[in-house]
Amino acid sequence: MDILLKSAKIIDAGNKEYHLKKRDILIKNGVIENIAPKIEGTGKVKIIDYKNLHVSIGWFDSGVSFGEPGYEERETIANGLRTAAKSGFTDVILNPNTNPVPDGSGAIVFLKNAAKGQVTSLYPIGTLTKGGAGEVLAELYDMKNSGAVAFYDFKCPLKNSNLVKIALQYAQNFDGFIYSFPQDSKIAGKGIVNEGVVSTRLGLKGIPALAEELQISRDLFILGYTGGKLHIPTISTANSVKLISDAKKKGLNVSCSVAIHNLFLTDEALEEYNSLFKVMPPLRTKSDAKALLKGLTDGVIDFVTSDHNPMNIEQKHVEFDNAAFGTLGLESAFGALNQLLDIEKCIEILTKGRERYGLATPILKQGYKACLTLFNPDKTYTFTEKQLFSTSKNSMFLESTLKGSVYGTINNNRISLND
Amino acid sequence: MSELSVKHLLGIKYLNKKDIQLIFETADHFKEVINRSIKKVPSLRDITIANIFFENSTRTKLSFELAEKRLSADVINFSAGQSSVKKGETLIDTVNNILSMKVDMVVMRHPNPGAGIFLSKHVKAAIVNAGDGAHEHPTQALLDSYSIRERLGDVGGKNVVIVGDILHSRVALSNIFALKLQGANVKVCGPKTLLPKYIESLGVGVETDLRKALNWCDVANMLRIQNERLDISYFPTTREYTQQFGVNKAMLDGLDKEIVIMHPGPINRGVEITSDVADSKQSIILNQVENGVAIRMAVIYLLASKIK
């Protein structure tokens, strides 16, 4: 099917040619055939003529969880990818948050196969260690050859410093990308929220910022010794930004990400003990959120993630201590980030990061594969369950005021539209 | 007639100063009642109360039950040990099952902070928090303030030190909220490992020298070392804790003034306080227990009148 986008304002700071210009875009067989001020639709062509239509290259999420296999009640790969497409994301990195975890090439192949035929492309992460148990390295090379883009024991701190050293050394000859979750588990103890004024008032066990910063410091020291390619996923404190900034100045090959909810909300939200706000790392303070946002716009934080983590209601509709960690993030990602940043910066950030995983950044030009997100950046609204596409409904953004909505995505010679 | 500003008693932090005054005035009346030869009033003959305890308790449960019975309420008791909770039933299901039997009020103790608040949003009954994890134990704080008021005339302007494990203590947190609300000056005292790092954000002072703290205060509320809550070692031995934070008679006698000694119980004699301190005339520990019944009668009576 041919697609004709009418009068779409192009946001593409990377390619000055069309940036901020209104153009018609004709797509044939999944390829951008023409970009011009006015194109007439001829023959069998789907014309997309939406109010305040904006278009950018497809958005990228550096970490989502879908549950399948093992936690299909939370989310399946098929519906997870449909949710991603409806939320504007054409490429998502899949966290190894399944049961069993993907710790071998067979599991990686399964995930790749399960994701075929969708608008949104999926790139799985394998676990760093066998069973994600943090003890023995998994077959990283074999998984990489099967399509794993990184290695991560999902949200499990690596307690063994020597394992981090070995992993960073071992993965170098095949450019393996190693994650280390930033938390010292002994310092964190049984903490479940940020340690601070709010946790003190609520009697909830706190995780000191120290737990995160200590682990990051350790990992950066190890990286300085070993070399290799390290990623610190989902940092949450102001001091973490500083530690990584200093490391980058020293030339260390380290990247980091931040979850959008850690930019958008703080631990003040916990006042009512609502378990939708229970996430790992925890929501921190206003000054942390401010420093994280600055780190993101300055480029110290390499990219964002929705940290999309569906949880069925049985895991959430319980006492705060007993509730699972995690929030949905895909559906609210654009609306939340667009509240915090101007639209050009917002799109720049939503399209950053692919190269760190060895993936090509799409190009919005005649003759290139059409990998596009269609959106309206100006609409402000209250985010409700109606806007959720996920199987689970655990979004901490419910009832928040968000700005900007997604019309759809075009990728892999397919189209996903929200209406 | 005045009434409480809240439908539930979930924590002191949800009350205002007038609420506390009203509870105290009501408790004055009930204290007089429980010292009569007929210790019972017919006020709550049409009310059924479930005491739901997901955590062990002896004195709090007894005190609530006695308070309820002296108000002539129908009372049922439920402990997690005997229940379907162990079979995997959720809190909301457990409580809704009990409420289906036409129960009007739930008194709940639960190991998780905020459990009462969570429950109050999802079930139709007045909830009284009888202790939720390390969050609050509001009736304890009310009876503590009531006992200070009884002994010293007023709570406002008094210097109160809370000694011991502040980190794991709902009694400490509720007492801090209650005392601050009534205009008392509050300090906490204990090893740094048992003081929350951000405790000063609640408007309290921190003192790690027990002698200095005792010299400063009018009232010392000695908390029990809750060994069952200490998942790691916060101090080397109980012996060493006592050397630094235990109160003995010689220490009290060495002070310039006669301070009041309180303890929420149960006491570890020889740990937080020695026997001669516990049994001295400066100690109001047993008055606290007696006042506990009057305070709980007042709270239940006032909340029940909002149901009606």
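The values are calculated or read from the model by the stated rules, or taken from the named source; none is laboratory data. Computed from a predicted model, the values in this text were never measured in an experiment. Please note: Cβ atoms are built from the backbone with ideal geometry, for glycine as well, and neighbour counts cover all protein chains shown. Accessible surface areas use protein heavy atoms only, side chains included; no ligands, DNA or RNA. Shrake-Rupley method; radii C 1.70, N 1.55, O 1.52, S 1.80 Å.
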- Note on the structure: Exactly one of B:69, B:102 is assigned to a helix (DSSP H, G or I), away from chain A (no Cβ under 14 Å), over 28 Å from residue B:176 (Cα atoms) and modelled with pLDDT of 90 or more, and that residue is B:69
- Sort through A:381, A:368 and tell me the only one that's farther than 25 Å from residue A:293 by Cα and either more than 19 Å from the chain's Cα centre (by Cα) or open to solvent by 10 Å² or more (accessible area, probe 1.4 Å) (or both). A:368
- Residue satisfying all of: in region A:327-364; among the small types (Gly, Ala, Ser) and in contact (Cβ under 8 Å) with a residue 60 or more places away in the chain; nearest to residue A:376 (Cα to Cα) among these: A:335
- From the options B:212, B:197, B:180, residue that is assigned to a helix (DSSP H, G or I), of a type outside the set (Gly, Ala, Ser) and within 14 Å of another protein chain (Cβ to nearest Cβ): B:180
- Task: Select from region B:77-99 the residues that are over 17 Å from residue B:109 (Cβ atoms), open to solvent by 60 Å² or more (accessible area, probe 1.4 Å) and modelled with pLDDT under 75 and list them in ascending order.
- Result: B:87
- Note on the structure: For region B:113-128 the number of residues that are crowded, with 23+ Cβ neighbours inside 10 Å and within 11 Å of chain A (Cβ to nearest Cβ) is 7
- Item | Only listed residue being part of a helix (DSSP H, G or I), acidic (Asp, Glu), out of contact with any strand residue (DSSP E or B) (no Cβ under 7 Å at 6 or more places or on another chain) and loosely packed, with under 13 Cβ neighbours inside 10 Å, chosen from B:240, B:258 | B:240
- Residue check, residue B:33 away from chain A (no Cβ under 14 Å), assigned to a loop (DSSP other than H, G, I, E, B) and open to solvent by less than 60 Å² (accessible area, probe 1.4 Å): no
- Message: Condition (residue is outside the structural domain of residue B:42 (by TED's automatic domain parsing), more than 18 Å from the chain's Cα centre (by Cα) and open to solvent by 60 Å² or more (accessible area, probe 1.4 Å)) applied to region B:268-275: is it met by at least one residue?
- Response: yes
- Please enumerate the residues belonging to region B:119-178 that are under 12 Å from residue B:221 (Cβ atoms) and among the hydroxyl-bearing types (Ser, Thr, Tyr). B:145, B:147, B:169, B:174
- Item | Boolean, residue B:158 is open to solvent by 60 Å² or more (accessible area, probe 1.4 Å) and at negative phi | no
- Is at least one residue of region B:147-154 under 16 Å from residue B:13 (Cβ atoms), in contact with a helix residue (DSSP H, G or I) (Cβ under 9 Å, 6 or more places away or on another chain) and either open to solvent by 50 Å² or more (accessible area, probe 1.4 Å) or within 11 Å of chain A (Cβ to nearest Cβ) (or both)? no
- Task: Pick out the one residue from B:202, B:167 that is in contact with a Pro (Cβ under 6 Å, 6 or more places away or on another chain) and either within 14 Å of chain A (Cβ to nearest Cβ) or open to solvent by 10 Å² or more (accessible area, probe 1.4 Å) (or both).
- Result: B:167
- Qualifying helices (runs of 4 or more DSSP H) (wholly inside region A:114-227; at least 1 residues being β-branched (Val, Ile, Thr) and under 24 Å from the mean Cα position of the chain (by Cα)): A:161-170, A:209-226
